[in-house]
1. Please report the carbon-and-sulfur percent of the accessible area for segment 207-327; probe 1.4 Å, protein heavy atoms only, DNA, RNA and ligands left out.
2. Can you give me the three principal axis dimensions of the chain from its C-alpha atoms, in Å, biggest first?
3. With axes computed from alpha carbons, what is the tilt in degrees of helix 2-19 against the longest principal axis of the chain, rounded to the nearest 10 within 0 to 90?
4. Using alpha-carbon pairs under 8 Å, 6+ residues apart, how would you state the relative contact order of segment 211-295 in percent?
5. Hey, can you rank 213-224, 46-57 by average C-beta count inside 10 Å, highest first?
6. Apply the a/c threshold of 1.5 to the C-alpha gyration tensor of segment 288-327 and tell me whether it is rounded, prolate or oblate.
7. Under a no-solvent Debye model with one identical scatterer per Cα of segment 40-141, what's log10 I(q)/I(0) at q = 0.12, 0.15, 0.17, 0.18 Å⁻¹?
8. Dimensions of segment 204-327 along principal axes (Cα, Å, largest first)?
Amino acid sequence: MRKIILICLGLMLASTVFAMGTVPNGEPIVPTPTISWKNSVGMAGSADGQFFSPKDVFVSVIGDISTGLGNLFVADSGNNRVQRLDQDGSFVYQFGGFGTSNGRFSNPTNLVVDFNYYIFVVDKDNSRVQKFDNRGNFIKAWGSFGKENGQFQAPHGIAIDSWSTIYVADTDNDRIQKFTSEGGFLSSFGGFGYGMGFFDSPRDIALDKNGYIYVADTGNNRVQKLDEDGRPIFAIGSSGKGPGQFYNPSGIAVDDKYLYVADTGNARIQVFDKNGAFLASYGRSGGMDGEFNNPQGICTGKTGSLFVADTGNQRIVELKVTPQEEK
């Protein structure tokens, strides 16, 4: 009887550990990638194509963006504007400017483009999200400062799913809020804490094609994976400089194979499979090729490109990600 009780307790403990988000042991489910430097655009300034503390970059991969919309959209945070750049980094147009009125910004931190080419921008210090058409013409805004549903405190990250549901990382409220593309509140999940499903200053969010949610849980120095209803699946990371550890991770992106994390305080990009297994790391502190200074926003593009808002170096970096089997 004692042996049966011990076995049952062991099974209960194992089930509890998995439910709390421990990553199952096992080999990576995808090939280890090779990451290489490809290009960078931008420099410090306020002229066209220059940046001041750019915090995010987004590449629309819907349709022929080279002719239909353009490639890069940059949250040029310190200049309080959004810039659109072509594939070669040349300036196309900008919109915004400092202010509180519609179409103006105060520290825009993150942006996303939907399937209809609408542009959604997190206007952090104005505690709102703004929606624009593909020429930067204002359409609508939602949000105000506070803790109620639909309100924000220092929102930072944004993502959109295939049903045009908008997810916002409501950073200082330690939660993720969900909205329709017209700004209607749907639900929220999270809250301050250290356990699975809770957050400490989450700064970014990404969604994969299967509906899984990945959150840069910045203050807890980890990344959490959740299901489409916000129920936790696992977490990876802890505070530190080793492989799979983080220091203020602030950006996150996902594609068919990999999960990418801008490990901001460690000045590097880390790559995992979508089961949380560490695969590769790229970068170090500095301002030369292959180096970063406070990297924040991160986005995948077509044909294995990875774009990074290298915030402290006032530039956008393009990296090439190649699975080893394709070399």
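1. Details: 1840 of 4420 Å².
The nonpolar share, carbon plus sulfur, comes to 42 percent.
2. Sorted from largest, the Cα extents of the chain read 76, 49, 33 Å.
3. Helix 2-19 sits at roughly 0 degrees to that axis.
4. Relative contact order of segment 211-295: 18 percent.
5. Peptide ranking by packing, descending: 213-224, 46-57.
6. Values: a/c = 3.15, a/b = 1.97, b/c = 1.60.
Prolate is the answer for segment 288-327, as a/c is 1.5 or above and a/b outweighs b/c.
7. Listed by q, the Debye log ratios stand at -0.33, -0.52, -0.67, -0.75.
8. 41, 34, 23
The values are calculated or read from the model by the stated rules, or taken from the named source; none is laboratory data. Everything numeric in this text was worked out from a predicted model, so none of it was measured. Glycine gets a Cβ as well: all are built from the backbone with ideal geometry, and neighbour counts include every protein chain shown. Surface accessibility is based on the protein's heavy atoms, side chains included, excluding ligands, DNA and RNA. Shrake-Rupley method; radii C 1.70, N 1.55, O 1.52, S 1.80 Å.
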